[in-house]
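Let me begin by presenting the structure, written as C-alpha cells, before commenting on it.
The values are calculated or read from the model by the stated rules, or taken from the named source; none is laboratory data. All values derive from a computational prediction rather than experimental measurement. FYI the Cβ positions are ideal-geometry reconstructions off the backbone, even for glycines, and counts take in every protein chain you see.
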Amino acid sequence: MAPETAFVTGGMSAYSGIWGAYLPVINALRDSIEVLHMQLYNSGSMYGIDGNIYEQGTVDFILSQTEAVIHGFNTAGGYFNGLRADQIAVGLPACSNAAGGGYVSPDSVKTAINYLRGQIPQPANYHCLSSYPGLRGMMDWSINWDAVATCGAIYEFANNFNRIFRSAQTLNLNVFIQGLYIPAADTTRRDTIRVYLRDTISPYPLKDSSKALLNTNGSAAINFTNAQNNHRYYIQIKQRNSLETWSKAGGEVFSASALNYSFTASAQQAFGNNMIKVDVSPVRFAVYSGNVNQDSYIDLADIIQISNDASAFLTGYVNTDVNGDSVTDLSDILIAFNNAGNFVQVLKP
Ligand SMILES: [Ca+2]
Ligand SMILES: [Ca+2]
C-alpha cells in the first residue's frame, strides 16, 4: 500500500477531507497489510509525532514520517496505533527527476535508515523514541527512473538498497591457475576468475556468484550479497581456460560475514583432490589449465583449438592463451597436452 503522506501522517495536522483519510482503512487492514510504503515525495512538509514540522527531501523527514507510522500518533479523530516495523518501507524517488520533490541522496537515505534501525547515533534534528531493527525496506518511485543514466547513476536506488539492507559476505580466497603460475617468482599472472557459491545438498543449486581479479599472490577478496552466515556452501571456481574446480567435500561456512579459504597449500583443498602441483618450494597447488572450450574435460578438442590459434599466430586476450602471456603458441599447447594425457576432468559432488 503506497498512500500519500496527507492521507496518513497528514492526520496529525487535520482529520477531515484527505487529511488522515486512509487511517481507518489501514487500521482495519492492519493484519493484512504486508508493506506500507508511504510516499515521502510530492508531499511538502508534515508534522512529526514530536509536534515539529519537517520538510520532504531530508533525513529528518524520513525519520519523522517513518517513526510516526510505526509508533502511532494522535489525530482529532482518535489515536492511530502504528504498524509493525516489518510492515513499513521507506518510499522515495529513484532520482531527482522522478518526482516533483522529495529526492534524498543515497548517503542520506543510508544514514536515516541506519539510525531508524538503531545502528548509528542520532544524525539530524529528529530524535527517534525507539529503534526499529526490523524495518522492512525501501520503495522507489519509479523503478524505470532508476535505470535512467541521465538521472543519477544507473540503479543508484537499487544499489543503495543492497548496500543498506543486504550486507555483503566476504570470501578471502587464495587460488592459483596452473597456466598462469610462475614458479620462479612464486606469483601468478593476473586474470579474472568467477566464483560461485553452491548449496551442499544435491543438486547443489547456485546460491550466489561474483567475480574478481586475482592478485599476483593468488589472493582475492570477493563480496557476495546473497550468501548467509552459518550456511554451508561449496566454492566453485571458473576461469576462461581452466577446469572448473570445487572446494573440498562438506562445504564451507561464513561466520561474522567472512570466510577464509585457500586452494593453494594442498590438493585436498579441492573436491576429489583435483588440482596439480605447480611448485615444490613453497608447495603450491593450482587449478588445471587448458580447458579452452569450457566443457568438463581437457582433451583433444582443447588441444586442436589451441593448435589452430597457434598456427594463426594469435595474440592478445584470447581463450587459447593458456599461460596468459598474450601469445598463443607451443607452450600453451603443452599444458593442455599434458593434462589431456592424464585424462583430467571436472570432479564435483
Ligand atoms: Ca575441454
Ligand atoms: Ca601463451
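Can you name every residue in the range 187-207 that is under 22 Å from the mean Cα position of the chain (by Cα) and not in a strand (DSSP E or B)? The answer is 191, 200, 204, 205.
At least 3 residues being farther than 21 Å from residue 137 by Cβ is the threshold, and among the strands (runs of 3 or more DSSP E) wholly inside the range 32-98 those reaching it are 72-75, 78-81. Here residue 116 passes the criteria (1) buried (at least 21 other Cβ atoms within 10 Å of the Cβ); (2) under 23 Å from residue 18 (Cα atoms); (3) of a type outside the set (Gly, Ala, Ser) except the one numbered (2).
Residues in the range 125-145 that are touching a Ser or Thr at 6+ places or on another chain (Cβ under 9 Å) and under 21 Å from residue 156 (Cβ atoms): 135 only.
The residues listed here are 89, 184; of these, the one that is outside the structural domain of residue 214 (by TED's automatic domain parsing) and either over 24 Å from residue 30 (Cα atoms) or under 21 Å from the mean Cα position of the chain (by Cα) (or both) is 89. Of the residues making up the range 9-24, those that are surrounded by 14 or more Cβ atoms within 10 Å (Cβ to Cβ) and out of contact with any strand residue (DSSP E or B) (no Cβ under 7 Å at 6 or more places or on another chain) number 4. When we screen 92, 129, 83 for residues that are crowded, with 23+ Cβ neighbours inside 10 Å, closer than 20 Å to residue 8 by Cα and not charged (D, E, K, R), the only hit is 92. You will find that of 278, 287, 283, the residue that is closer than 17 Å to residue 179 by Cα, more than 29 Å from the chain's Cα centre (by Cα), assigned by TED's automatic domain parsing to the domain that holds residue 205 and surrounded by 14 or more Cβ atoms within 10 Å (Cβ to Cβ) is 278 and no other. Residues of the range 84-140 that are closer than 22 Å to residue 53 by Cα, among the polar types (S, T, N, Q) and without any contact (Cβ under 8 Å) to a residue 40 or more places away in the chain: 105, 122, 131. As a summary of the residue check, residue 246 satisfies the conditions (1) surrounded by fewer than 19 Cβ atoms within 10 Å (Cβ to Cβ); (2) in contact (Cβ under 8 Å) with a residue 40 or more places away in the chain except for the one numbered (1).
For the range 329-341, give me the residue count where each residue is away from ligand 1 (no atom under 16 Å from the Cβ) and more than 16 Å from residue 181 (Cα to Cα). Of the residues in that region, 2 qualify.
For the range 328-346, filtered to residues that are more than 10 Å from ligand 2 (Cβ to nearest atom) and in contact (Cβ under 8 Å) with a residue 60 or more places away in the chain, the residue that is nearest to residue 247 (Cα to Cα) is 346. The single condition among (1) within 14 Å of ligand 2 (Cβ to nearest atom); (2) free of Cβ contacts under 8 Å to residues at least 24 places away in the same chain; (3) in contact with a strand residue (DSSP E or B) (Cβ under 9 Å, 6 or more places away or on another chain) that residue 324 does not satisfy is (2). Could you go through the range 54-63 and let me know if any residue there is loosely packed, with under 15 Cβ neighbours inside 10 Å and either at pLDDT below 95 or not acidic (Asp, Glu) (or both). No, the conditions are met nowhere in the range 54-63. Being of a type in the set (S, T, N, Q) and under 21 Å from residue 159 (Cα atoms) is not true of residue 43. Under the condition of being more than 16 Å from ligand 2 (Cβ to nearest atom) and among the charged types (D, E, K, R), the residues counted in the range 276-321 number 5. Only residues that are over 11 Å from residue 241 (Cα atoms), within 16 Å of ligand 1 (Cβ to nearest atom) and of a type in the set (S, T, N, Q) were counted across the range 303-327, and they come to 3. With (1) under 24 Å from residue 217 (Cα atoms); (2) in contact with a Ser or Thr (Cβ under 7 Å, 6 or more places away or on another chain); (3) touching a residue at least 24 places away in the same chain (Cβ under 8 Å) as the list, and residue 278 as the residue in question, which single condition is left unmet? Condition not satisfied by residue 278: (2).
Would you mind stating whether residue 304 is over 21 Å from residue 188 (Cβ atoms) and hydrophobic (A, V, I, L, M, F, W, C)? Against the criterion (over 21 Å from residue 188 (Cβ atoms) and hydrophobic (A, V, I, L, M, F, W, C)), residue 304 qualifies.
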